[in-house]
Every structure is written in C-alpha cells, then in structure tokens.
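A short worksheet on the structure shown next.
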Amino acid sequence: MKMWKTIALGVGGGIVILGIAAFVVYSGGEHQGPGVVHPAPVPAVVVKARQARQSGSVTPENASPQILFGDLHVHTTFSADAFLRSVPLLNGEGAHPPADACDFARFCSNLDFFALTDHAKSLTPLHWRESLDSIRQCNAVAGDPANPDLVAFAGFEWSQVGATAATHYGHKNVIFHGTGPTQVPTRPIAPQGIVASPMQKNGGISPFTLLSLPMIDFPNRQRYADLFTFGREIRDVGRCPDGVDVHDLPGDCREIAETPRVLFEKLDQWGLDSLVIPHGTSWGFYTPPGYTYDKQISPTQNDPLRQRLIEIYSGHGNAEQYRSWRAFESGADGSRTCPAPSSDYQACCWRAGEIIRSRCGDAPAAVCEQRVQDARKNYLAAEAAGHLTVPGASVEDWGDCGQCRDCFEAPFMHRPGGSAQYILARGNFDNPSAPAYSPIGFVASSDNHTARPGTGYKEFARRKMTEAAGPRSAAWRKRIFGKPEPSSPTSIALTPDEIRAKPKFRILDLECQASFFMTGGLVGVHANGRDRDSIWKALQERHVYGTSGPRILLWFELDNGDGGSAPMGSEIAFSANPHFTVRASGAFKQKPGCPLWTQRALSADRLERLCAGECYNPGDERLKITRIEVVRIQPQEFDSEPLQSLIKDPWRTLPCPANKSTCSVQFDDPDFQSGARDTIYYVRAIQQPTPAINADNLRCEGVGCKKLRPCYGDFRTAYNDQCLADTEQRAWSSPIFVHFASAQAAP
C-alpha cells in the first residue's frame, strides 16, 4: 500500500510540475516584436570611402556604373526555423528581429542594400506588417533617398518542399521594388508542402519534453514561453479561400500557392514590380534524390520577366557545378538501382549497404549480401530521410557519401540536376518548334537566420555568422533527437507515414549538414547610382554577379557587339566570333575589430551582441586575383542531347599577373561562327587562398574519405573551433547569352 501511495504521490507531483510548466508556457509568452532601428547615421565620408573602394583602381571613382554590394536573402526570428534556432534548446543567442538586420547591414557589414526574406509560411499578418514597418524605418534613417547609406527591400521566401522529386519545386525569394502600402502585397504568399511550418507539431519534439523545458531550463523559461506564443500565432492564421482574386481575400488569412505557376499567377494579380529568385536548387538537405529543375524550365512553371536571377552561392554552399553522377539510376519502368561508387562520388544508398556489411559478423555470406541489398533498397525508398533506415549509424559511418568531392564548397548532398550549369544547358521541348530555356543571371547571398545580412566579410564566430547550431550537451541532444537508436545488423524499411512520425529534427540530417554551413555570399550590382531605382534596374537587367563573401570587383563584357560592348547579363544576337574582356580586383584585407565611427555609433554591448565584436574594416591592401576561369555552355538543341558535352568547365583558364592589383584579360571564341549554335559564357575570378569556415566540409583524410572530422554545430566541436581551411574565394559573373545569327540574318 505504501508503495502505491509513493507512486501516486510521484505521479501527482509530476502532473503538478507539468501543470506549472504548461501555465508558464501557455500563459507567459510575449509577442515577438520587430525591434527598433538605430537612428544614428552612417557618416557621409564612410559612404564615400566605400564607393571609392568599390571602384578601385579599375575605373575612376566617379565612373558609371558603380559597384554596390548587398544581400538579398536574410531571415530574422520572424521565420519559424530561425526562432527555433535562437532558443536555448539549440544553444541559441535569443531574438534577432527585423531591426537587427538593418543595424547589422549598416554598422557591422556596411552594405549598400539588403532584403528581408522571412519564410512566408510562418509570417503572420501582424509580423508581415511589422516587417514592412521596420524596412520603412530602415530606409528613413538611411538619409537622402537619392544617395542613401543603405537601401532596404521587402520580400518573403516561398519555401516549398515536396516529398518526392516529382512534387518538389524548392525555395524562391520574392522581392518587391517598393515598400509603400500600394507597392507590396497585403500578405505574403506561402507554399503548400510536406513542411508547412516548423512550428506545426512542435517540430516533432515530444509534448512532455516541451512542457518540461521551462522547468529543466528555468533561467531561460521566458524564451520557451515566447516560442509557444509565436507558434500559437502562426497556427491561429487560417488558410485563405482558393480561387479568389488576391485583392478580394481577407487581410488576416494565409495565402497559399501550391506551385510556382500559382505563385506567378498571384503576383500577376497583385501587379506589383517584383523579382523571384530561386535558391538552394542543388541543396540536398531537403531536396529529394533524383530531383532536376526540368519542370521549372517549362513555360507553365516559369515567369521569365520575374525569374531572371538565381542564387548561385549562399551560406549553404555553391549551387553552380553540374556533374553526371546521380544518387540513383532509373530504369525504363521507373525502378531505382544504386550506382557503384566512382573516384569522385559514392551514393549514400551504396554506403548504407556497406555500413550493414560491416555489421554482418558471423552471418553467412549469402545472408549478409541480402542484408546489403535490402539496405540499399530501403535507403532509396526513404527519399531524403534515407539516413534513418540504418539504425545507429553516425555521421562518421556515412563518410562523404552523397557529397561532390571535386566541387568548390558544394552544398550538402549536392543535387546536380538543380545546378546553375544544368539549368542553363537544359531545354524544354514540350513545343519542339519553340524550345524554352531559362536565361538566368547570377547572384549570391547569405541565407542568414540571425538577421545578419552580409556575414561573409570576415571568417569568425562560426555559430553566429553561419547556421551552425545544436544542443549544448549530450543530455540536451537526447531531449531534441530522442533516445539514440541501437545499432542493428539489418536496415529498416520506412513508410512515408513512419517517416513523418519521426522527430522533425531527425528526418533531415541536421548533424552532418553542420559541416557544410558557410558564412555566405554577396550580390554585386553594376548600378548607375546608389538609389533604389538604380539597384533595381541593375537586378532586372542582370548586370549583377555573386561572390562567395569577399568584395571582389568584377567586370565582364563582350567587346565587339554590333551595338558596342555588352555587359554581363546581356542577351544578344551575333554572327561573328565574340571577343570578351574581364577585369577583376581582389577584396581588401581586413583589419581586426570595428572602425572608430562604428564604435561611436553603437555601445560596446550592442557591438558585441550584434556584430560579435568584428565589423567590415578594410585596410589598404588588396588580395590577389590569381586567375580567371571561363565557362562555356551550349544549350541543348534536342531533348536527349547529353549535357556533359555541352558544359565546358573550365573552358579557358587565364592567369593573372602576380605583380598587379587588378587583373585584366581578354579572350575570344574562334569556334562560335563555325559551330553555328547559341552559346553562353560566364567567368569566375579566383582569389588567392585564405582561411574560411567549413571550407573543408567534413575534413576528410585518405582516399575516399577513410577518416573524417565533422564540424558539428553542437557540443562535440569546441565552441572556439572555427573549422577553418584554406579556400580560393571567388566571384561569378552573370552569363552573357550569345544567340547565333547567320550573317544574312544579323541586324
């Protein structure tokens, strides 16, 4: 009897504790506000000096166009995944609202422009209005609109994730030219997909764990309460009615576009000046194996007037390079088989089989081989959650399977069918008499989730300037991911429903992904002025380029066009052999700390909280550009034309003089006229090696990555380990699209 009384008291006590926790969580939360933009001006002399540096010795200081740098992909804790990342559960540093993005761009990274692009699926109507107000405040403190110290754009991210390659479209940033009440939509447009919102079902964490968090981590209880308030605000927004013109929808509902076609239709209804920029197109973190961009080249899922740019590089790596290998091989009947490994790639389905093989022990050879084949089959059937089919497998067990071994800073699980080179080369032949293509320009940005636009100015503070995050101890890891699964001699088959029932933090391979987070890239624009209209015009005309973070200066133009020179991004008809000029200057070496003007503008605490104590602080010496690489792509002329033969990377490599700060080279294509087909050219300016965070990703050793040292986002990698390795930072020009025209047809 005494035992049962003790048990009853224990259960009763647990219920009381959970009741208290529930009250704290569900009653004590506060609304996540937008923050207050710092009113201090950026001194005019600082802006003038920045402009001079971004002209350099290549062109006169007052030359037109000038180069401006920005970041068009920035999240605040108004995005649900950013909010989750910010909580103590993941060793986060707290709220970073929209006002922080403005302050960081002005005082830390010292940018010329940026855009807020929080996830539409978690932007409530109130948060959308607060975001717009914050952007307007940011522009108001930036000074004269004709010559501001910063231009802030408004936007959102349409983040669609399909369960299979056939239903997956990926992520796109939608950015608007203006910020006035009639220049932006009443509400953002969200996708419909398997990940409707990270806040739904509590991210897959058990209700008991969530309710107990305020008690387990009592000093941080308010942040958990705020998290639940944020989640309730998201869940309380109902879906807008379908089939209704956007102007006739209620202002407080969530507008949904299931596909890019519907997204473009809704933007057409709004009739606002906007750009749609796909990103993460080859990032395998959420992209199902076997995905290709093909269906989005079709005119039914594309809008060439809005979708003129692609994000080639971000804090998630480089989406540029095409490779012929695939995660699986498809049979004529749609069946999948696992490809054998090669020197430059090992499919993870194959690795799954090898992990199981290592566990066979004394099992007969035939039994072991059957287990190996089952493991490969089960991995393929689980799509992007294949790593869950081998219980107890660690990041180290998987090695570098699925990764591009010879790509520059490739994204996690690179999907080459979504690469920029693939998109440029691939044609859509639904109408053979009028094939469709996707002539896109290149930008780069950060995809930062802590309201820090332009984080790539220095390689420091890995857990603040990249997306690396994770539990602070083994106990907290167990709370997030659940009890570790024991190693098993066999793999397991998982149905889609079983996968969806797993904790969301486990479905996607967060722990391995941490080794692939970079500080992010920048957009460089060739603009005729510093004002909003000039920047927007450069973006629309594709007179833009991307960098992997440093402020490399780059010019690329066709010299002998019929109407004179044609800059990067141009699309021209031509009959003669084209001749090109490239000029590039490396980024300035950075001095430690923050410049004096920034220290005067912000308090020491604010500098540390916002900038982590380091700002864009250029010295007088530039890093060297060592070479220019030219890539030539000939778009398909028929549907089955092999892409590998059409993409020449690099087609030319042009060395730069070692004794000059500016590299200027020229080249031509002597085969264009005789080849008689459309051709695309773009260049990469390669900078001398410097250390960068996660440049060596998994830090593999030995042939085939026999040993690796992952750079974890959690306690397993020391907090002060920046995971640095030398890399050749670079800039990618937007392509020049040269359409072949016979001499008779040439204008």
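The values are calculated or read from the model by the stated rules, or taken from the named source; none is laboratory data. Computed from a prediction, not measured in an experiment: that's the story for all the values here. Don't worry about glycine lacking a Cβ; one is built from the backbone with ideal geometry, like all the others, and counts go over all protein chains shown.
Check Phe78, Phe107 and return the single one that is buried (at least 24 other Cβ atoms within 10 Å of the Cβ), more than 28 Å from Pro278 (Cβ to Cβ), in contact (Cβ under 8 Å) with a residue 24 or more places away in the chain and touching a Ser or Thr at 6+ places or on another chain (Cβ under 7 Å).
Values: Phe78 fails: more than 28 Å from Pro278 (Cβ to Cβ).
Answer to the selection: Phe107.
Would you confirm whether any residue within the stretch 217-228 is buried (at least 19 other Cβ atoms within 10 Å of the Cβ), in contact (Cβ under 8 Å) with a residue 60 or more places away in the chain, in the same structural domain as Gln540 (by TED's automatic domain parsing) and not in a helix (DSSP H, G or I)?
Within the stretch 217-228 (the criterion being buried (at least 19 other Cβ atoms within 10 Å of the Cβ), in contact (Cβ under 8 Å) with a residue 60 or more places away in the chain, in the same structural domain as Gln540 (by TED's automatic domain parsing) and not in a helix (DSSP H, G or I)), the answer is no, since none of the residues qualifies.
Looking at the stretch 696-715 only, could you name the residues that are touching a residue at least 60 places away in the same chain (Cβ under 8 Å) and among the hydrophobic types (A, V, I, L, M, F, W, C)?
Leu698, Cys700, Cys705, Leu708, Cys711, Phe715
Does any residue of the stretch 178-186 turn out to be touching a Gly at 6+ places or on another chain (Cβ under 6 Å), at negative phi and either touching a residue at least 12 places away in the same chain (Cβ under 8 Å) or surrounded by 24 or more Cβ atoms within 10 Å (Cβ to Cβ) (or both)? Please lay out each step first, then the result.
Step one: of the stretch 178-186, the residues touching a Gly at 6+ places or on another chain (Cβ under 6 Å) are 186.
Within this subset, residues satisfying the condition of being at negative phi are 186.
Checking the rest, the ones that are also either touching a residue at least 12 places away in the same chain (Cβ under 8 Å) or surrounded by 24 or more Cβ atoms within 10 Å (Cβ to Cβ) (or both) come to 186.
Yes: one or more hits.
Check Ser491 against each of (1) within 23 Å of His171 (Cα to Cα); (2) buried (at least 24 other Cβ atoms within 10 Å of the Cβ) and name the one condition it does not meet.
(1)
Within the stretch 453-512, track down each residue that is assigned to a loop (DSSP other than H, G, I, E, B), over 30 Å from Cys108 (Cβ atoms), of a type in the set (A, V, I, L, M) and at pLDDT below 85.
Passing the criteria: only Ala501.
Based on this model, can you work out whether Glu320 counts as in contact (Cβ under 8 Å) with a residue 60 or more places away in the chain, in contact with a His (Cβ under 6 Å, 6 or more places away or on another chain), crowded, with 19+ Cβ neighbours inside 10 Å and not hydroxyl-bearing (Ser, Thr, Tyr)? Explain how you work it out, then say what you get.
Values: in contact (Cβ under 8 Å) with a residue 60 or more places away in the chain: yes; in contact with a His (Cβ under 6 Å, 6 or more places away or on another chain): no; crowded, with 19+ Cβ neighbours inside 10 Å: yes; not hydroxyl-bearing (Ser, Thr, Tyr): yes.
For Glu320, the condition - in contact (Cβ under 8 Å) with a residue 60 or more places away in the chain, in contact with a His (Cβ under 6 Å, 6 or more places away or on another chain), crowded, with 19+ Cβ neighbours inside 10 Å and not hydroxyl-bearing (Ser, Thr, Tyr) - is not met.
Any chance the stretch 347-364 includes a residue that's of a type in the set (S, T, N, Q) and touching a residue at least 60 places away in the same chain (Cβ under 8 Å)?
The initial filter retains those residues of the stretch 347-364 that are of a type in the set (S, T, N, Q), namely 358.
Pick out the ones that are also touching a residue at least 60 places away in the same chain (Cβ under 8 Å) and you get none.
No, the stretch 347-364 contains no residue that is of a type in the set (S, T, N, Q) and touching a residue at least 60 places away in the same chain (Cβ under 8 Å).
Do we have Asn448 as modelled with pLDDT of 95 or more, surrounded by fewer than 24 Cβ atoms within 10 Å (Cβ to Cβ) and not small (Gly, Ala, Ser) here?
no
Mind counting the residues in the stretch 241-284 that are part of a loop (DSSP other than H, G, I, E, B), of a type in the set (A, V, I, L, M) and free of Cβ contacts under 8 Å to residues at least 60 places away in the same chain?
Our first condition is that a residue be part of a loop (DSSP other than H, G, I, E, B); within the stretch 241-284, this holds for 241-245, 249-253, 257-259, 271-273, 280-284.
Going one step further and asking which of them are of a type in the set (A, V, I, L, M), we end up with 244, 249, 257, 272.
Among the residues that remain, those that are also free of Cβ contacts under 8 Å to residues at least 60 places away in the same chain are: 244.
Total meeting the criteria: 1.
Residues checked against (1) in a loop (DSSP other than H, G, I, E, B); (2) more than 23 Å from Tyr313 (Cβ to Cβ); (3) touching a strand residue (DSSP E or B) at 6+ places or on another chain (Cβ under 8 Å):
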| site | (1), (2), (3) |
| --- | --- |
| Ala105 | no, no, yes |
| Ala115 | no, no, yes |
| Leu126 | no, yes, no |
| Ser134 | no, yes, yes |
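Could you list, in sequence order, the residues of the stretch 329-358 that are crowded, with 19+ Cβ neighbours inside 10 Å and part of a loop (DSSP other than H, G, I, E, B)?
Cys338, Gln346, Ala347, listed by residue number.
Just the residues that are closer than 21 Å to Pro689 by Cα and surrounded by 13 or more Cβ atoms within 10 Å (Cβ to Cβ), please, taken from the stretch 601-630. Step through it out loud before you land on a result.
Restricting attention to the stretch 601-630, the residues satisfying the condition of being closer than 21 Å to Pro689 by Cα are 616-630.
Selection gives Tyr616, Asn617, Pro618, Arg622, Leu623, Lys624, Ile625, Thr626, Arg627, Ile628, Glu629, Val630.
Step by step: first the residues of the stretch 573-596, then only those that are at pLDDT below 95 and not in a loop (DSSP other than H, G, I, E, B), then the one that is surrounded by the fewest Cβ atoms within 10 Å (Cβ to Cβ). Which residue is that? Please lay out each step first, then the result.
Filtering the stretch 573-596 for residues at pLDDT below 95 gives 573-576.
Among the residues that remain, those that are also not in a loop (DSSP other than H, G, I, E, B) are: 573-574.
On the way: Ala573: 16, Phe574: 23.
Among them, the one singled out is Ala573.
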